[in-house]
Amino acid sequence: MSPTFGRRTFFRGAAVLLAGVAAAACSRSEQAPPRGFDGDPRPLPIPPLYEGELIDDRRHFQVTTQAGSAEILPGVDTPTWGFSGDHLGPTFRARRGEKVRVDITNELDEMTTIHWHGMKLPAWADGGPHSPIEPGATWSPEWSVDQPAATLWYHPHPHEVTALHCYRGLAGMFILDDEVSERLDLPHEYGVDDIPVIIADAKFHADGQLDEEIDPTFGLLGDTPLVNGITHCSFAATTRRVRLRVLNASTMRFHHLALADARPLHVIASDAGLLAAPEEVDSVLLSPGERVEIIVDLKPGEEVALESVGLDNNFGIPTDEYSPDFGFADQFTLLHMTGPGEDAPEARALPGELDPAASISPEVADAPRREFVLNTFEINGQVMDMNRVDFLIDHRGPEVWTVTNENSDWPHNFHVHDARFQVLGFSGTDVTEMAASGWKDTVALPPGATVELAVEFGWYPDNTVPYMFHCHMLMHEDSGMMGQFMVVEPGERAALEPLSGHGPHH
Ligand SMILES: [Cu+2]
């Protein structure tokens, strides 16, 4: 029996968007489901695992960025971009202590960059807007993995066109392992019981081409959710316990994740690695760029779906006719799951302790403090300028950053490169769904909210190349909601090489 289409699955704008496109498609709920959701679900595609070539203690990876086409919708070829393939990219895997080198050859006909989201690494290797890879060129960053096990990801970061490059399909997962993660009794067989779940969204023209019109308010916010690159899919578990590594790779959409039968989620890891202990929650909110690892136990023959359930509070955004609808009340079935056969061995008790080091808080009583105010496309009243370095960090210790969303009816989030942070607390909002456990690198901000962060940086002093901090709603980032900082030796001044036509617009 195939899983049925849940009552929660509908999209408020679907009736309009689907008019004349899929009017004939049968719908089992009153509202039409997004396009591609009729019929039985297809098997969840699993991006290939890519462990590179280990030579001595150096792991060597090679990828291309290329154009292709993919069957995002069943039976329809949609032009897409991918890494070493048509759409999305392989899942990189490396271990703490290893050196990593990646050769990225750009086979697209325009410049892009590749950024390692969540990685602590030298600024020249970070892949931000200052590291363009021109068509036909190969860029070869190298770094040493020196951070705890985590689910990271990689995606383009060219100034002003990041959203479009990600939307076309350039996104992949980067799993890091370490001694702690390898010792734990957690599902760890990639594609079997350790499953990447890359959530994105799209909007389509009638012919199945991606609709790339960038709305001045919503950017490339899509009406159709995709998991690992396709609509409406199902994972057939062969074990009673699965670990979902969930990445919100959407350019603009937040997802409030829950299981369809409202059973609790067991969260084991946040953006930057394992929690100190599993946390049982009813739901978890992922803003663009955030990750969460959850454990789901499935009985033989059982069916359950991972859903995006609407937020009753609309993330603190007024629901009057003047306020934009960013989709916080939308409900989607993201991924159907079916349980294993009767002969699947019982799962053991979940470890009570995961990574004890994750509970250690940085000492911030005397730490330097900085304030960031987000408003429309500006941070602290300024839009991004690739020739302006906003501040220097010339010490090895943590800092306390206070970030405020000053907009009354826009959501934002905040991501810091070469860093991880703990959320010290939120104020100025009644919304409580923001993911705040453990070490993170991206945090969601409802309208009016202030969040206080204890931030730790990777120490790779370099006064020539900056790191980025920005809103990870990619249309906001592309529109200027980004700034630059450098990590430098004590007392050192910035020596940023001025860019002259070095960006995407030559
Ligand atoms: Cu924003």
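At a glance:
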read-out	value
For E160: the one exception among (1) open to solvent by less than 30 Å² (accessible area, probe 1.4 Å); (2) touching a helix residue (DSSP H, G or I) at 6+ places or on another chain (Cβ under 6 Å)	(1)
Filtered residues of region 402-427 (kept if away from the ligand (no atom under 16 Å from the Cβ) and open to solvent by 40 Å² or more (accessible area, probe 1.4 Å))	R420, L424, F426, S427
Count of region 299-311 residues which are more than 29 Å from P345 (Cα to Cα) and surrounded by fewer than 24 Cβ atoms within 10 Å (Cβ to Cβ)	3
Selected residue [within 16 Å of the ligand (Cβ to nearest atom), farther than 29 Å from I114 by Cβ, assigned to a loop (DSSP other than H, G, I, E, B) and not assigned by TED's automatic domain parsing to the domain that holds F457] from P324, P345	P324
Every residue from region 336-359 that is within 29 Å of T402 (Cβ to Cβ) and at pLDDT below 95	S359
S131 vs. criteria at positive phi, at pLDDT 95 or above, of a type in the set (S, T, Y) and in the same structural domain as E53 (by TED's automatic domain parsing)	no
Matching residues, region 41-57, being in contact (Cβ under 8 Å) with a residue 60 or more places away in the chain and either within 22 Å of the chain's Cα centre (by Cα) or open to solvent by 60 Å² or more (accessible area, probe 1.4 Å) (or both)	P43, L44, P45, I46, P47, L49
Residue list for region 378-400, restricted to those being within 16 Å of the ligand (Cβ to nearest atom) and buried (at least 17 other Cβ atoms within 10 Å of the Cβ)	E378, I379, M384
Out of E182, E110, sole residue that is part of a helix (DSSP H, G or I) and either of a type outside the set (A, V, I, L, M, F, W, C) or over 29 Å from P33 (Cα atoms) (or both)	E182
Restricting region 146-169 to residues that are assigned to a loop (DSSP other than H, G, I, E, B) and among the aliphatic types (A, V, I, L, M), the residue that is farthest from L220 (Cα to Cα)	A149
Test: residue in region 158-175 that is of a type in the set (D, E) and touching an Asp or Glu at 6+ places or on another chain (Cβ under 7 Å)	yes
Options A305, A358, A329; residue that is closer than 30 Å to I72 by Cβ and not in a loop (DSSP other than H, G, I, E, B)	A305
Of all residues making up region 443-499, the number that are out of contact with any helix residue (DSSP H, G or I) (no Cβ under 9 Å at 6 or more places or on another chain), open to solvent by 10 Å² or more (accessible area, probe 1.4 Å) and more than 14 Å from the ligand (Cβ to nearest atom)	18
Any hit, region 189-197, residues being under 30 Å from A149 (Cβ atoms), in contact (Cβ under 8 Å) with a residue 40 or more places away in the chain and open to solvent by 30 Å² or more (accessible area, probe 1.4 Å)	yes
Pairs with Cβ under 8 Å, 6+ apart, first in region 397-411 and within 14 Å of V431 (Cβ to Cβ) and free of Cβ contacts under 8 Å to residues at least 60 places away in the same chain, second within 8 Å of the ligand (Cβ to nearest atom) and assigned to a loop (DSSP other than H, G, I, E, B)	N405/P411
Out of L108, L73, sole residue that is surrounded by fewer than 21 Cβ atoms within 10 Å (Cβ to Cβ) and among the hydrophobic types (A, V, I, L, M, F, W, C)	L108
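The values are calculated or read from the model by the stated rules, or taken from the named source; none is laboratory data. Because the structure is a prediction, the values reported are computed rather than measured. In this analysis, Cβ positions are derived from the backbone assuming ideal geometry, glycine residues included, and neighbour counts consider all displayed protein chains. Protein only, heavy atoms only, side chains kept; ligands, DNA and RNA dropped before computing areas. Shrake-Rupley method; radii C 1.70, N 1.55, O 1.52, S 1.80 Å.
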